[in-house]
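Worksheet: the structure to be examined is printed underneath.
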Protein chains: 2
Amino acid sequence: MSSSSSRRRDVTVADVAREARVSKAQAARALGAYGAVSEEVRSRVLAAAAALEYRPNELARSMNTGRSNTLGVVVGDIENPFFSLAMRGISDTAKTEGFDVILINTGEDVAAEAEAVRVLLDKRVDGMIVAPASHLSVGHLRDAVDSGRPLVLLDRQIPDLGVDAVMAKMDDISFTAVTHLIDSGHTRIGYVSSLDVGSWSSGQGMGLGLNPVSERLAGMRRAFHTAGMSAPNDLIRLSAGKPQPIREIVEELLLCPDPATAIIASDSLIALEVLHTIQQLEMRIPDDVSFMMYDDMPWALLMTPPITVVAQPVYEIGAAAAKTLLAHILGRPVMPETLVFHSELLLRGSIGSPKKVTEGA
Amino acid sequence: MSSSSSRRRDVTVADVAREARVSKAQAARALGAYGAVSEEVRSRVLAAAAALEYRPNELARSMNTGRSNTLGVVVGDIENPFFSLAMRGISDTAKTEGFDVILINTGEDVAAEAEAVRVLLDKRVDGMIVAPASHLSVGHLRDAVDSGRPLVLLDRQIPDLGVDAVMAKMDDISFTAVTHLIDSGHTRIGYVSSLDVGSWSSGQGMGLGLNPVSERLAGMRRAFHTAGMSAPNDLIRLSAGKPQPIREIVEELLLCPDPATAIIASDSLIALEVLHTIQQLEMRIPDDVSFMMYDDMPWALLMTPPITVVAQPVYEIGAAAAKTLLAHILGRPVMPETLVFHSELLLRGSIGSPKKVTEGA
DNA sequence: TTGAAAGCGCTAACAA
DNA sequence: TTGTTAGCGCTTTCAA
């Protein structure tokens, strides 16, 4: 009645020790593979453990080693392919070192992010990877740093914090991409991003701009200046969160008196909404409007025409973030403060010349 | 030097108790909001905690409550939008009850899945959600059940296990979908799935077939039989894992002597590869080949022509799985053993009539 | 309502 | 190489 079905009460080291007729300490040493144990004892303990179907209680173990072998990951939206792919990079890398991952989704909400960081700290994760929603409220990140547990930022750097960040360099590629659009004859170029207004955009002049939004904007501005123009600020929309707002924004951009002739989407989720709106407006790419997006999703190649994209090595970015974090945790030599990956502009068919304006010039 | 920067050594209940001049027990009660505490003491303790920036050690708490407020989730591939969307459903639901989620990715590998379940058990999660890779090796799932901690299966049911499962009903919709293809004149219909051969397919005749693969095949067979034909077994390919195999399979299906005139993809990742291959073969949808896929990804609507899909309520399935699991954990009334959602066939432009065969009938 | 003291399951000094 | 004995930080009897 109690032989094979090991219900309820867990088997502990004490049980194993008794079964193997050794002290609890010896049993623990054998099971935990630490300290000195004679071959004799080791095999007896292991046999007893197997017979009893002993499983260690990792909570108890963590409690006195101070290590949980767990990483915390905080992202804005796991549904965003950028994050789910990065997550796989993180997860795969963590697994090779025997670490597991607790994932928390914030919906790009700063309060939720703060709560998430707090929870992870309380759960005693060994370190965490955060894609911060804002560089303005970073108290919780500072707490993380103060706790002494390593923190690595993903996709966005916050200079004052003094922590490592892993991300793709965005200003040069943005310059290249926008220059390509300008060379194709576009001057009315729209940019639609999901990050909250004020969370990152305020630091236009100040700061190092080590985040996707300001880097891309900087590259865009530089491209326009280089071409002897200034960027069309009225076409740069940084709020866009949920579907509805994006549609409205795109309609505005496309139907206003001096409309955008090209649109850049800051990520694939935004891109889907932009494309959907363009479709509903019955406009054609690239005849009526040119289009470009960040992140090389597989479907971009399958569209008619195929979409021109900026491809960043997302999986690798995630993997590198995990690798950096693990280096800190395991006391290995660590790479420079900000690890930068490079992106590529993949030219395809979604960019053409703007339509002749009805009158003027 | 040690005032605001709370470095290293954590503040414990003992510290708070001392600061508040009460016993450790009273401090713990006040902080944990349990037991009886006078208003007087409670406020003193809370004030002390705030002053000391006390943060509970959830590990220690879990260790003697036996509850970790953590759910484990084991999926085949978080990069698959099906799972990442379901994950959001799980994560959102868990959060409303104050639970966090540990995510483990198995790459649809049974051994990795077994290891994952073991790790989660050792970490003392309060319950877990698993999308099992196979119904043949389920020892680890049985261990989970034996451990007494609730388990809920996602997207696949394993009848003998006696645990709850949440999934979309697939046979009827498969029947409907294939019938639609047959009515359009197709008899050579290919089906490409990612699940390993033998993991699920073997139970053709036996078992309840409560898993996506066999349900879909059953519906497909029924559709053919109803139309007085038998299903084209040579066009049903169940192995397909990574990109390369899928391409080869699709080329085979499309270039063999008596080729498929329509292809069904079992999920969106497969669909992308199939579409890519069709594109490289310079074949046109639906003129050269008709196409249909499971899961209504946003991009399916944007393709030219828009893709006909079977849409299942993925987010809701994830949310329901979490809700069911939480019900078990919290001792609430639980729903029936297998919770079934319904899917819809969304007819769009990717299905046409097969090309006239060069000769014969 | 309070406090002292006994665990939770494990690791880690310290002796033997 | 062993065993004894303390803890880790918290909850939870049990008396007071």
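Could you work out the relative contact order of the range A:3-56? I mean the mean sequence separation of Cα pairs under 8 Å and 6+ apart, divided by the number of residues, in percent.
42
The relative contact order of chain A, computed from alpha carbon pairs under 8 Å that lie at least 6 residues apart in sequence, is 18 percent. Here the range A:3-56 is treated as an ellipsoid with the same Cα gyration tensor; its semi-axes, largest first and in whole Å, are 19, 10, 9. Annotation: amide H-H contacts under 5 Å for A:VAL74 (H modelled 1.01 Å from N, sequence separation of 5 or more, or interchain): A:ILE104, A:ILE129, A:VAL130, A:ALA131. Would you work out what percent of the accessible area of the range A:253-361, with all protein chains in place, is carbon or sulfur (probe 1.4 Å)? Using a 1.4 Å probe with all protein chains present, the range A:253-361 comes out at 55 percent carbon and sulfur.
Remark: label point of B:ALA60 defined 7 Å out from Cα along the Cα-Cβ vector; separations to the same position in other copies 1.8 nm, ascending. Counting charges near B:ALA47 (Lys, Arg +1; Asp, Glu -1) among other residues having Cβ under 13 Å from its Cβ returns a value of -1.
Per residue, how many Å² of accessible area does the range B:217-345 show with a 1.4 Å probe? Working shown, then result.
Working: 5400 Å² over 129 residues.
With the other protein chains kept in place, the range B:217-345 gives 42 Å² per residue.
Note on surface exposure: A:SER134, B:SER230, A:SER239 rank B:SER230, A:SER239, A:SER134 by accessible area, highest first, 1.4 Å probe. Its Cα gyration tensor gives the protein assembly as shown an equivalent ellipsoid; the semi-axes, largest first and in whole Å, are 46, 38, 21. Computed over chain A with a Gaussian network model linking Cα atoms closer than 10 Å, the most mobile of A:GLN280, A:GLN312, A:GLN157 is A:GLN280. Panel note: contact residues of the range A:104-118 (accessible area lowered by at least 50 Å² against the chain on its own; 1.4 Å probe) correspond to A:ASN105.
In the elastic network of chain A, a GNM with C-alpha springs shorter than 10 Å, the most mobile of A:GLU19, A:GLU248, A:GLU113 is A:GLU19. Protection proxy ranking, highest mean first, for peptides A:264-272, B:41-49: A:264-272, B:41-49, where packing is the per-residue count of other beta-carbon atoms within 10 Å, averaged.
Charging the Cβ of each Asp and Glu at -1 and of each Lys and Arg at +1, and nothing else, the dipole of chain A about its Cα centre rounds to 1600 debye.
Need one word for the range A:38-178: rounded, prolate or oblate. Basis is the Cα gyration tensor (sqrt eigenvalues a ≥ b ≥ c); a/c below 1.5 gives rounded, then a/b vs b/c decides.
Numbers: a/c = 2.76, a/b = 2.11, b/c = 1.31.
In terms of gyration-tensor shape, prolate.
Specify the residue with the greatest mean-square fluctuation among A:GLY32, A:GLY318, A:GLY148, computed from a Gaussian network of chain A linking alpha-carbon atoms under 10 Å apart. The residue with the greatest mean-square fluctuation here is A:GLY32. For B:TYR315, the accessible surface of its heavy atoms amounts to roughly 60 Å² (probe 1.4 Å, protein chains only, rounded to the nearest 10). For the range B:3-56, the solvent-accessible area works out to 65 Å² per residue, with a probe of 1.4 Å and every protein chain left in place.
All other residues with a Cβ under 9 Å from the Cβ of B:ARG88 taken together, and with Lys, Arg as +1 and Asp, Glu as -1, what is their net charge?
Values: positive: none; negative: A:ASP77, A:GLU79, B:ASP92.
My count for the surroundings of B:ARG88 gives -3.
A 1.4 Å probe run over the range A:93-193, with the rest of the protein chains in place, finds 28 Å² accessible per residue.
The phi-based Karplus calculation (6.51 cos²θ - 1.76 cosθ + 1.60; θ = phi - 60°) puts the 3J(HN,Hα) values of the range B:293-310 at 9, 8, 6, 8, 7, x, 5, 4, 6, 8, 6, 10, x, x, 8, 6, 9, 9 Hz, whole numbers, x for Gly and Pro. Max-minus-min Cα coordinates of the range A:1-118 on each principal axis give 55, 37, 24 Å, with the largest extent listed first.
Hey, which of these cross-link pairs are over 18 Å Cα-Cα: A:LYS323/B:LYS95; B:LYS95/B:LYS323; B:LYS95/B:LYS169? Walk me through the intermediate numbers first.
Details: A:LYS323/B:LYS95 28 Å; B:LYS95/B:LYS323 11 Å; B:LYS95/B:LYS169 27 Å.
Where the Cα-Cα span goes over 18 Å, the pairs concerned are A:LYS323/B:LYS95; B:LYS95/B:LYS169.
Computed from label points 7 Å out along Cα-Cβ, the spacing between A:ALA60 and A:ASP122 is 2.5 nm. A cut-off of 5 Å between modelled amide H atoms, ignoring neighbours fewer than 5 places along the same chain, links A:GLY190 with A:THR261, A:ALA262, A:ILE263, A:ILE264. Karplus-based coupling profile of the range B:11-17, in residue order and whole Hz: 7, 10, 4, 4, 4, 4, 4, with θ = phi - 60° in 6.51 cos²θ - 1.76 cosθ + 1.60 and x standing for Gly or Pro.
For the range A:176-181, backbone phi angles converted through the Karplus equation (6.51, -1.76, 1.60; θ = phi - 60°) give residue-by-residue couplings of 4, 5, 5, 4, 4, 5 Hz, Gly and Pro being listed as x. Think of each Lys and Arg Cβ as +1 and each Asp and Glu Cβ as -1; about the Cα centre, that makes the dipole of the protein assembly as shown roughly 2620 debye. Per the accessible-area calculation with a 1.4 Å probe, the total area buried between chain A and chain B rounds to 4800 Å². Against the criterion of solvent-accessible heavy-atom surface with a 1.4 angstrom probe, B:HIS180, A:HIS140, B:HIS225, B:HIS328 sort, most first, into B:HIS225, B:HIS328, B:HIS180, A:HIS140. Expressed to the nearest 5 percent, the antiparallel share of DSSP beta bridges inside chain A is 10 percent.
Any idea what the dipole of the range A:3-56 comes to, in debye rounded to 20, about its Cα centre with Lys/Arg Cβ at +1 and Asp/Glu Cβ at -1? Write down the numbers at each step before the final one.
Values: 10 positive and 6 negative charges, 41 e Å.
Dipole about the Cα centre, nearest 20: 200 debye.
When a 1.4 Å probe is rolled over the protein heavy atoms, the share of accessible surface on the range B:3-56 that falls to carbon and sulfur comes to 52 percent. Note on chain A: Rg/Rh from Cα positions, Kirkwood definition for Rh, rounded to two decimals, is 1.14.
The values are calculated or read from the model by the stated rules, or taken from the named source; none is laboratory data. Only a predicted model underlies this, so the values are computations on that prediction, with no experimental measurement involved. Virtual Cβ from ideal backbone geometry, glycine too; neighbours counted across all protein chains shown. What goes into the accessible areas is simple: the full protein's heavy atoms, side chains included, and nothing from ligands, DNA or RNA. Shrake-Rupley method; radii C 1.70, N 1.55, O 1.52, S 1.80 Å.
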